[in-house]
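See below for the structure under consideration.
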Amino acid sequence: MAEADIVVTVMEDDKRTELLVKPGDNLLLAMVKANLPVEFFCTTGKCTTCRLVMSVPDGSAEPISETEAYRLGADALSQGYRLACQLYVQGPLTVCLSK
Ligand code: FES
């Protein structure tokens, strides 16, 4: 049986895009494939260029790793930032592309 698609909602000002991804898909890669204007550089969780505010319900991604927490810092984490390149989608979530 094929794995069900997961909806990732991307908000960019008034524009709403819904991506259909598979469980375990990388969020940054899914956004790049969809030609969304997401910035990135290292893709290894070091540069934080891909940091975005997200709403990630429990179970929709792995918990924040030590590396992600260290690179983002407490302030950014408390504002809902995650690193798109380090996030593997497990359930529906929402990403904000607006600056
Ligand atoms: S692209 Fe560098 S941390 Fe994600």
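The values are calculated or read from the model by the stated rules, or taken from the named source; none is laboratory data. Quantities reported herein were computed from a predicted structural model and do not represent experimental measurements. Glycine also receives a Cβ, built like all others from the backbone with ideal geometry; neighbour counts cover every protein chain displayed. Only protein heavy atoms, including side chains, enter the accessible area calculation; ligands, DNA and RNA are left aside. Shrake-Rupley method; radii C 1.70, N 1.55, O 1.52, S 1.80 Å.
Listed values, structure above:
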{"item": "Leading residue by the ranking (farthest from residue 81 (Cα to Cα)) among those in segment 7-36 that are among the aliphatic types (A, V, I, L, M) and open to solvent by 60 Å² or more (accessible area, probe 1.4 Å)", "result": "20"}
{"item": "Any pair with Cβ under 7 angstrom, 6 or more apart, that starts in segment 42-57 at a residue that is within 6 Å of the ligand (Cβ to nearest atom) and ends at one that is small (Gly, Ala, Ser)", "result": "50/84"}
{"item": "Search result, residues across segment 63-87 that are under 23 Å from residue 17 (Cα atoms) and surrounded by fewer than 16 Cβ atoms within 10 Å (Cβ to Cβ)", "result": "79, 80"}
{"item": "Test: residue in segment 3-16 that is under 13 Å from the mean Cα position of the chain (by Cα) and within 15 Å of the ligand (Cβ to nearest atom)", "result": "no"}
{"item": "Of the criteria (1) more than 16 Å from the ligand (Cβ to nearest atom); (2) touching a residue at least 12 places away in the same chain (Cβ under 8 Å), which one residue 78 fails", "result": "(2)"}
{"item": "Checklist (1) in contact with a Gly (Cβ under 7 Å, 6 or more places away or on another chain); (2) without any contact (Cβ under 8 Å) to a residue 24 or more places away in the chain; (3) within 19 Å of residue 20 (Cβ to Cβ) applied to residue 35, failing item", "result": "(1)"}
{"item": "Per-region count, segment 37-62, residues surrounded by fewer than 17 Cβ atoms within 10 Å (Cβ to Cβ) and more than 15 Å from residue 72 (Cα to Cα)", "result": "8"}
{"item": "Members of segment 33-47 that are β-branched (Val, Ile, Thr) and closer than 12 Å to residue 10 by Cβ", "result": "38"}
